[in-house]
Amino acid sequence: MTGSRGMSRRRFIEGSGAVGLSTALGSATPALAQPDRAEAASQRESAALGALGGNFNQLLANVHVRELQLGRTDWVRGFFPMPDAAQGVLASNANIRMIANLDARGYRIILNLKFPYNQSVFPAPDTAEMETVLARVDQVLAEVLDHVDILVIGNEPFIESRPEDRGDPLNVFYETVARHVIAYRAAHCGAGCRTRLYMGALNRLDLPDRQTAATERWMTFVRQTPEIDGVDIHPHVPSPDAVQPFLDYILPRLRAGQTFLVTEFSLVWYWKAHLQDQIPAKFADDYGLSRDSRVWQVILEATHRPFPQEEWDAFLSASPWYESQKSFLGDQMRRFRGTGRLAVATCDYRQGLPMSQNFAADKPPWVLNCVFAPYTVRPWSDGTTGRGHAWLDDFRALQRGGRG
């Protein structure tokens, strides 16, 4: 396709820089109907070990039920930044409200508690600062216990901390929080509490220098604490084979009967290595672009003016670095399930504004990982959200016990 659209695109790409988006988040989430509770309970009991769900990170409020239905998924995952517990009445928080709505609809939910300490020291036990943290934890637990199936204590502790604190200060902090959560659950949710507890999540275990005394202590605490069901990992990796070291590390360190979560996984560092590549010549010719255009520039324009689905698909399918890895989702799910120890894995389900805003050559291209792509692809003619190239069909095919 050439003509005025192609010429407009060429002018945009050749002059592109770090362009900010003024686009607001997508349309409001539709109202959720009240389901039959017995049916919802039955779905929970029948969900198979080794499930695949959708990850929304901090944007649980952006869940669109129609998109969940299209993917046939029963599982939704997000994280809650704990400083948000200090901002107003927690029950009115949009992400907390969405948890209640999804629970009422019969969906299964994983929630990670995120403790960002990148710019400050971890509070020590028995200090006023720690009491403030634990009071915020209590606020969140009061809203989500018995509404979420899995609560993960932590999000990415070895990233969301200062390098100098990634030893005893980190371990002591998370162990203190975990013991508090365990005691709270016992006191307020009882023996039949639906919510299971995990610790998480560990990153970059494919790098030997990330397998430290602190990660060893982390896994020892997980293994030796009966109330903890397992560990969460986040294999964001530069190659498919770099996922295996995560499993090689955690599996021997879990006790019998424990399982693991994979609430985030991607090839984002592989994609990033190709952002400076020239775009495929045929795609450039078909869409009126300069052959000297770079991958990141095309993605930038898509975040500025979303492409028709066929154009987004043509761009990625013509790119060997992408096309050769489009089976990543299925390949990794087979790897995870093959251990017999996977509880649930969740992949990026919907692009969010933070992924696409101010896209540039050095920005991690999370936009390439998602099942749905509202910030790079136009809605379909039936009103449904544009898709990430090749992800939805694989996601649906990988469901176990999903909706029909």
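The values are calculated or read from the model by the stated rules, or taken from the named source; none is laboratory data. Quick caveat, the model's predicted, so the values are computed rather than measured. Note: ideal-geometry Cβ built from the backbone for every residue, glycine included; neighbour counts use all protein chains shown. Note: accessible area is taken over every heavy atom of the protein model, side chains too, but ligands, DNA and RNA are not part of it. Shrake-Rupley method; radii C 1.70, N 1.55, O 1.52, S 1.80 Å.
Taking the charge dipole of segment 156-231 about its Cα centre, with +1 at Lys and Arg Cβ atoms and -1 at Asp and Glu Cβ atoms, the residue from L197, A178, P157 reaching farthest to the positive side is L197.
Among residues other than R350 with Cβ under 13 Å from its Cβ, the summed charge is +1 (Lys and Arg +1, Asp and Glu -1). Annotation for segment 271-329 versus segment 133-156: alpha-carbon center distance of 40 Å. Where both bridge residues fall in the chain, DSSP classifies roughly 5% of the beta bridges as antiparallel.
Could you tell me whether segment 194-308 comes out rounded, prolate or oblate from its Cα gyration tensor? Rule is a ≥ b ≥ c as square roots of the eigenvalues, rounded for a/c under 1.5, then prolate if a/b exceeds b/c, otherwise oblate.
Numbers: a/c = 4.16, a/b = 2.70, b/c = 1.54.
It is prolate, given that a/c is not under 1.5 and a/b is the larger ratio.
The share of C-alpha pairs in segment 287-344 whose separation exceeds 17 Å stands at 54 percent.
Just the protein heavy atoms count here, and of the accessible area of the chain at 1.4 Å, carbon and sulfur take up 51 percent. Along the Cα-to-Cβ line of A142, 7 Å from the Cα, sits a label point; which residues in segment 85-103 have backbone N less than 14 Å from it? Output list for this probe position: 85-93.
Taking 22 Å as R0, compute the FRET efficiency from the Cβ-Cβ separation of Q87 and S120 and round it to 0.05.
Values: r = 18 Å, r/R0 = 0.81.
According to the calculation, E is roughly 0.80.
Each pair of Cα atoms in segment 154-233 enters the Kirkwood radius, and Stokes-Einstein at 37 °C and 0.692 mPa s then converts it into a translational diffusion coefficient of 246 µm²/s. Taking a ≥ b ≥ c as the square roots of the eigenvalues of the alpha carbon gyration tensor, segment 75-123 is oblate, as a/c is not under 1.5 and a/b does not beat b/c.
With every protein chain left in place, what is the accessible area per residue of segment 352-404 in square angstrom, probe 1.4 Å? Mind showing how you got there, number by number?
Numbers: 2150 Å² over 53 residues.
In whole numbers, segment 352-404 has 41 Å² accessible per residue.
Across segment 236-246, computed HN-Hα scalar couplings (Karplus, 6.51 cos²θ - 1.76 cosθ + 1.60, θ = phi - 60°) run 8, 9, x, 7, x, 5, 6, 6, 4, x, 4 Hz from first to last residue, x flagging Gly and Pro.
If you add up the charges near F359, with Lys and Arg at +1 and Asp and Glu at -1, over every other residue whose beta carbon is less than 14 angstrom from its beta carbon, what do you get? Don't jump to the answer; show the numbers that get you there.
On the way: positive: K272, R294, R305, K363; negative: E301, D362.
Local net charge: +2.
Charging the Cβ of each Asp and Glu at -1 and of each Lys and Arg at +1, and nothing else, the dipole of the chain about its Cα centre rounds to 700 debye. For segment 287-304, putting each phi into the Karplus relation 6.51 cos²θ - 1.76 cosθ + 1.60 with θ = phi - 60° gives couplings of 10, x, 10, 5, 5, 7, 4, 9, 4, 5, 5, 5, 4, 4, 5, 4, 6, 8 Hz, in residue order, rounded to whole numbers and with x for Gly and Pro.
Please work out whether segment 272-404 counts as rounded, prolate or oblate from its C-alpha gyration tensor, where a ≥ b ≥ c are the square roots of the eigenvalues and a/c under 1.5 means rounded, while otherwise a/b larger than b/c means prolate and anything else oblate? Write out the running numbers ahead of the final one.
Details: a/c = 1.94, a/b = 1.62, b/c = 1.19.
Because a/c hits 1.5 or more and a/b exceeds b/c, segment 272-404 counts as prolate.
Amide H contacts under 5 Å for R341: none, restricted to partners 5 or more places along the chain or on a different chain, H placed in the peptide plane at 1.01 Å from N.
Summing charges over all other residues whose Cβ lies under 9 Å from the Cβ of N118, with Lys and Arg as +1 and Asp and Glu as -1, gives 0.
Taking amide hydrogens as placed 1.01 Å from N in the peptide plane, the amide H of D232 sits under 5 Å from those of M199, G200, L202, L261, each at least 5 positions away in sequence or on another chain.
Pairs of lysine residues in the chain that meet both criteria, 8 or more places apart or on different chains and Cα atoms under 21 Å apart, total 4. Here each label is just a point 7 Å from Cα along the line to Cβ, and for R66 and D168 those points are 5.7 nm apart.
Judged by a Cβ-Cβ distance under 4.7 Å, the unpaired cysteines of the chain are C347, C370. Near the amide H of W75, within less than 5 Å, lie the amide hydrogens of G54, R108, all on another chain or at least 5 residues away, with H placed in the peptide plane.
Per the Cα gyration tensor, segment 221-268 maps to an equivalent ellipsoid with semi-axes of 23, 11, 7 Å, ordered largest to smallest.
Give the average over all directions of the projected area of the C-alpha convex hull of segment 90-156, one decimal, in nm². Provide the component values of the computation, followed by the final result.
Working: hull surface 20.7 nm².
If I average the Cα hull's projected area over directions, I get 5.2 nm².
Karplus-derived 3J(HN,Hα) values for segment 343-354, using 6.51 cos²θ - 1.76 cosθ + 1.60 with θ = phi - 60°, are 7, 8, 10, 9, 10, 4, 9, 9, 4, x, 4, x Hz; glycine and proline are entered as x.
Here segment 134-274 yields Rg over Rh of 0.98, to two decimals, using C-alpha coordinates and the Kirkwood radius.
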